[in-house]
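These notes are about the structure you will find just below.
The values are calculated or read from the model by the stated rules, or taken from the named source; none is laboratory data. Since the model is a prediction, treat every value here as computed from it, not as a measurement. Cβ sites come from the backbone with ideal geometry, for glycine too, and all protein chains shown count toward neighbours.
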Amino acid sequence: MVAKRQLGGMHAEAGIPLFLCAALAAHPREWAPIGRAMWRVETDRGAFVMAAVHRDPQELAWIDRVRHDLAARGWTHYLPWLPSPQGDAVWRSREGMFVVMRLPTAHAPPADALDRLFASLAALHRLTSTPLPHVRPWVDQVIEQLRWQWNRWKARLAQWQEEAGRRAYPSPVDAVFLANAEALAEALDRALALLARWEKAVGRRAVLRVSWVLARPRPDRLVWREGGEPLWLDWSDATVDAPVRDVAYLLRAVSRAVEEDRLPAALAAYDAHFPLREEERLALALLLAPPHAVFRLLERHYAWERRVRLEAVTALERELDRHALFGRLLDAWL
């Protein structure tokens, strides 16, 4: 839980919520950051959320129009942006640009909260689904880039194995890596096989599907309305993309906080509202199967730092566990 802070102090970030209070002619009480670039501000006129934005105001206005259209069609999983003193959605101060939302009374998450999160995203993707003509050169470029990257990782894997294996006194990172090197090589082979399957599945489609996506649907950046409806707060990265981008991001975000046996039910809740096609299921697997985070940690250790930090060992073990979890999930789902 994030500690709340009294407003009126000299904390470096305090100018951001104080700016909101001045604009609203409200008396400040306390504030708390919600991750990065988002703040909850409590005043005598109610509670608000401020979110920093780094996009063109015209793009934000476009997102807002899409949300109003979604609300008219029954999708209400968001909080409206309050108009600024200038009448648009963007609040400007010397600290930057922000959007502001009034927080309703918060309610505890329902027992099936995880299923509801995935179902809300599925409904968003279904309502905004648009056919995208199949552009073969783009598909070929994606396949070429991924195949090159994963074959490069295989070469690096062999190089790091040799380096770690010839040390007289392997470090804790070396020991964890060597114990899992074979499994990592198999994961890359599996990713390359999935890529070949995706290439064939995409080749059978005349068009692909894109939808509006949040891009970074974080479960710590939402509130629950009475009745168990999730309200997503962070729209700063919303765009048009493949729906599985949201699914993969949310799976990663919740994977450490929920029991593993809850994840298949969450995917089933998504599929019930917006069934994924074969090439989309394979695309989701391609986002989850390769051990991206593991290789970033190994590259940092062997190519840059070359020193042992306790947190590096812990992070590597954590990412290896999460990669194994996704492997089991995909085995049961594909």
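Points to keep in mind about this one:
- Counting only residues that are in a strand (DSSP E or B), of a type in the set (A, V, I, L, M) and buried (at least 16 other Cβ atoms within 10 Å of the Cβ), region 30-44 holds 2 of them.
- Selection count, region 195-226, where residues are of a type in the set (F, W, Y) and either surrounded by 21 or more Cβ atoms within 10 Å (Cβ to Cβ) or touching a helix residue (DSSP H, G or I) at 6+ places or on another chain (Cβ under 6 Å) (or both): 2
- Those strands (runs of 3 or more DSSP E) of region 45-107 in which at least 2 residues are buried (at least 20 other Cβ atoms within 10 Å of the Cβ), considering only elements entirely within it, cover 46-53, 96-102.
- Failed condition for L60, given (1) in contact with a Lys or Arg (Cβ under 8 Å, 6 or more places away or on another chain); (2) touching a residue at least 24 places away in the same chain (Cβ under 8 Å): (1)
- The residues of region 119-150 that are within 20 Å of the chain's Cα centre (by Cα), outside any loop (DSSP other than H, G, I, E, B) and either among the hydroxyl-bearing types (S, T, Y) or more than 25 Å from A269 (Cα to Cα) (or both), listed by number, are S120, T128.
- Qualifying residue in region 162-175 (condition: of a type in the set (V, I, T), surrounded by fewer than 19 Cβ atoms within 10 Å (Cβ to Cβ) and in contact (Cβ under 8 Å) with a residue 24 or more places away in the chain): no
Every residue, every condition in (1) in a helix (DSSP H, G or I); (2) in contact with a Lys or Arg (Cβ under 7 Å, 6 or more places away or on another chain), yes or no:
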position: V173; (1), (2): yes, no
position: L178; (1), (2): yes, no
position: A183; (1), (2): yes, no
position: W212; (1), (2): no, no
position: A215; (1), (2): no, yes
position: D220; (1), (2): no, no
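- Test: S84 is at pLDDT 95 or above, of a type in the set (G, A, S) and on the phi < 0 side of the Ramachandran plot: no
- Residues located in region 92-129, provided they are closer than 15 Å to A37 by Cα and touching a Pro at 6+ places or on another chain (Cβ under 8 Å): M97, M101
- In region 227-248 there is at least one residue matching the filter, namely being loosely packed, with under 14 Cβ neighbours inside 10 Å, within 28 Å of A51 (Cβ to Cβ) and of a type in the set (G, A, S).
- Within region 245-282, the set of residues being more than 16 Å from the chain's Cα centre (by Cα) and among the small types (G, A, S) comprises A265, A268, A269, A272.
- Wholly enclosed helices (runs of 4 or more DSSP H) of region 252-327 bearing at least 2 residues farther than 27 Å from W198 by Cβ and basic (K, R): none
- Residue match in region 150-158 (condition: surrounded by 14 or more Cβ atoms within 10 Å (Cβ to Cβ), in the same structural domain as R205 (by TED's automatic domain parsing) and under 21 Å from A248 (Cα atoms)): yes
- Positions within region 287-306 being under 18 Å from the mean Cα position of the chain (by Cα), buried (at least 21 other Cβ atoms within 10 Å of the Cβ) and not small (G, A, S), in sequence order: L288, P290, P291, V294
- Criterion: over 30 Å from R126 (Cβ atoms) and not polar (S, T, N, Q) - qualifying residue of M50, M38: M50
- From the options E279, E317, E260, residue that is surrounded by fewer than 20 Cβ atoms within 10 Å (Cβ to Cβ) and over 24 Å from D115 (Cβ atoms): E317
- Consider region 20-57 and keep the residues that are charged (D, E, K, R) and without any contact (Cβ under 8 Å) to a residue 12 or more places away in the chain. The one that is farthest from E95 (Cα to Cα) is D56.
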